[in-house]
1. What do you reckon, is Ala50 touching an Asp or Glu at 6+ places or on another chain (Cβ under 6 Å) and in a loop (DSSP other than H, G, I, E, B)?
2. Which of the residues spanning the range 12-39 are closer than 20 Å to Ala90 by Cα and not in a helix (DSSP H, G or I)?
3. Can you find a residue that is surrounded by 11 or more Cβ atoms within 10 Å (Cβ to Cβ), among the polar types (S, T, N, Q), out of contact with any Leu (no Cβ under 7 Å at 6 or more places or on another chain) and assigned to a helix (DSSP H, G or I) anywhere in the range 60-72?
4. If I ask for residues that are touching a helix residue (DSSP H, G or I) at 6+ places or on another chain (Cβ under 6 Å) and surrounded by 18 or more Cβ atoms within 10 Å (Cβ to Cβ), which ones from the range 12-28 would you list?
5. Mind listing whichever residues of the range 29-49 are hydrophobic (A, V, I, L, M, F, W, C), out of contact with any strand residue (DSSP E or B) (no Cβ under 6 Å at 6 or more places or on another chain) and surrounded by 11 or more Cβ atoms within 10 Å (Cβ to Cβ)?
Amino acid sequence: MTAYLVVDLDIHDMKSIEDYRLKALPLVAKAGGKLIAMDDATQQLEGWEATNMLIIEFPNKDAIRQLFASPEYAPLAAQRQAAAGSRIIAINGV
């Protein structure tokens, strides 16, 4: 079942996040992921003040778990965590 990685970042080091994205997106693609939405000017409608959102489509949640557990991604996760506050969830598609 298709799954989506939903990411909300509070970025405080944009240069580092841009470098992170350049390095992380090829790993995302290798894991079967595809960036389908990215917005740094979200429209708040009710109860959630998002700052910098991304949605990435994956074949399934297992692909997301494998990406996050991979030794190649570990240093990139640390880079992202140092450059931004992160709220990240995985949800199933319908």
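1. On the way: touching an Asp or Glu at 6+ places or on another chain (Cβ under 6 Å): yes; in a loop (DSSP other than H, G, I, E, B): yes.
Yes: the conditions hold for Ala50.
2. Passing the criteria: Ala31, Gly32, Gly33, Lys34, Leu35, Ile36, Ala37, Met38, Asp39.
3. yes
4. First, pick out the residues of the range 12-28 that are touching a helix residue (DSSP H, G or I) at 6+ places or on another chain (Cβ under 6 Å): 13, 16-17, 20, 23-24.
Across the range 12-28, the qualifying residues are Ile17, Tyr20, Ala24.
5. If we filter the range 29-49 for residues that are hydrophobic (A, V, I, L, M, F, W, C), which is where we start, we get 29, 31, 35-38, 41, 45, 48.
Going one step further and asking which of them are out of contact with any strand residue (DSSP E or B) (no Cβ under 6 Å at 6 or more places or on another chain), we end up with 29, 31, 41, 45, 48.
Listed by number, the residues that qualify are Ala29, Ala31.
Read-outs: derived from the displayed coordinates by stated rules, not from any lab. Everything numeric in this text was worked out from a predicted model, so none of it was measured. Counting neighbours? That spans all protein chains shown, and the Cβs are built from the backbone with ideal geometry, glycine included.
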